[in-house]
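Trainee: Encoded as structure tokens, here's the structure I'll be asking about.
Every number in this text was worked out from the coordinates using simple rules, so none of it is lab data. Since the model is a prediction, treat every value here as computed from it, not as a measurement. Here the Cβ positions follow ideal geometry from the backbone for every residue, glycine too, while neighbour counts run over all protein chains shown.
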Amino acid sequence: MIFFQLFIQLIIPLSLVGVCFLIGKGIELHHFKKLTQREQQLSGIIVTNLKTIPLEYANAQPILVMGSAVIATDYFKVFAAGLRTLFGGEMKSYVTLMERARREAMVRLLEQAAGQGASAVWNIRYETSTTHGQHRKKPGGVEVQAYGTALR
């Protein structure tokens, strides 16, 4: 009887937590795989953060292009980050969150540039912000906006 109660009260919830963690990790890995494929398709576009446009593009038509992404966090990342604040160090649970958002915003920017017939994107900049929940120790997310000047 005690084993049954232990099973119900401890093992089942921990198993569900483990399953949810694995599902979240799988979704994240799938997103990274898709991002890599999309980045490879757009690798022909020149990308730089330089402000000055080279002479070879002096007569090119400039177009403002933007891409944004909002990536949500989950309770696991918030919990892991909370533990990290106790001991200090890099919050690795948020590193992948920021990387996914940055790469997704860049891919969307490049897709917009490719749709406009651009061969290069100059003066790329990023803006970041957090969405609700971060200051209340609840899941929220991160928004990354990428913008630049596409040259056709």
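Trainee: What is the percent of Cα-Cα separations in the chain that go past 19 Å?
Mentor: 63 percent
Trainee: For the pair Arg125 and His31, what calculated FRET efficiency results from E = 1/(1 + (r/R0)^6), where r is the Cβ-Cβ distance and R0 = 30 Å, to the nearest 0.05?
Mentor: Taking R0 as 30 Å, the efficiency between His31 and Arg125 is 0.80.
Trainee: Residues in the range 63-96 near a label at Glu143, defined as backbone nitrogen under 11 Å from the 7 Å Cα→Cβ point?
Mentor: 68-71
Trainee: Met98 to Gln40: extension gain in nm, 0.36 nm per residue of separation minus the Cα-Cα distance?
Mentor: Contour length minus the Cα-Cα distance gives 18.9 nm.
Trainee: About the Cα centre of the chain, how large is the charge dipole given +1 on each Lys and Arg Cβ and -1 on each Asp and Glu Cβ? Please answer in debye to the nearest 20.
Mentor: The calculated dipole for the chain is roughly 240 debye.
Trainee: Toward the positive end of the charge dipole of the chain, about the Cα centre and with charges on Cβ (Lys, Arg +1; Asp, Glu -1), which of Met66, Leu10, Leu83 goes farthest?
Mentor: Leu10
Trainee: Here is a further query. I'd like the Karplus ³J(HN,Hα) series for the range 11-20: coefficients 6.51, -1.76, 1.60, θ = phi - 60°, whole numbers in Hz, and an x wherever there's a Gly or Pro.
Mentor: Listing the rounded values in order: 6, 5, x, 5, 5, 5, 4, x, 5, 4 Hz.
Trainee: Turning to a different aspect of this structure: Grab the beta carbon distance between Thr48 and Ala72, set R0 = 41 Å, and tell me the FRET efficiency rounded to 0.05.
Mentor: Once rounded, the FRET efficiency stands at 0.85.
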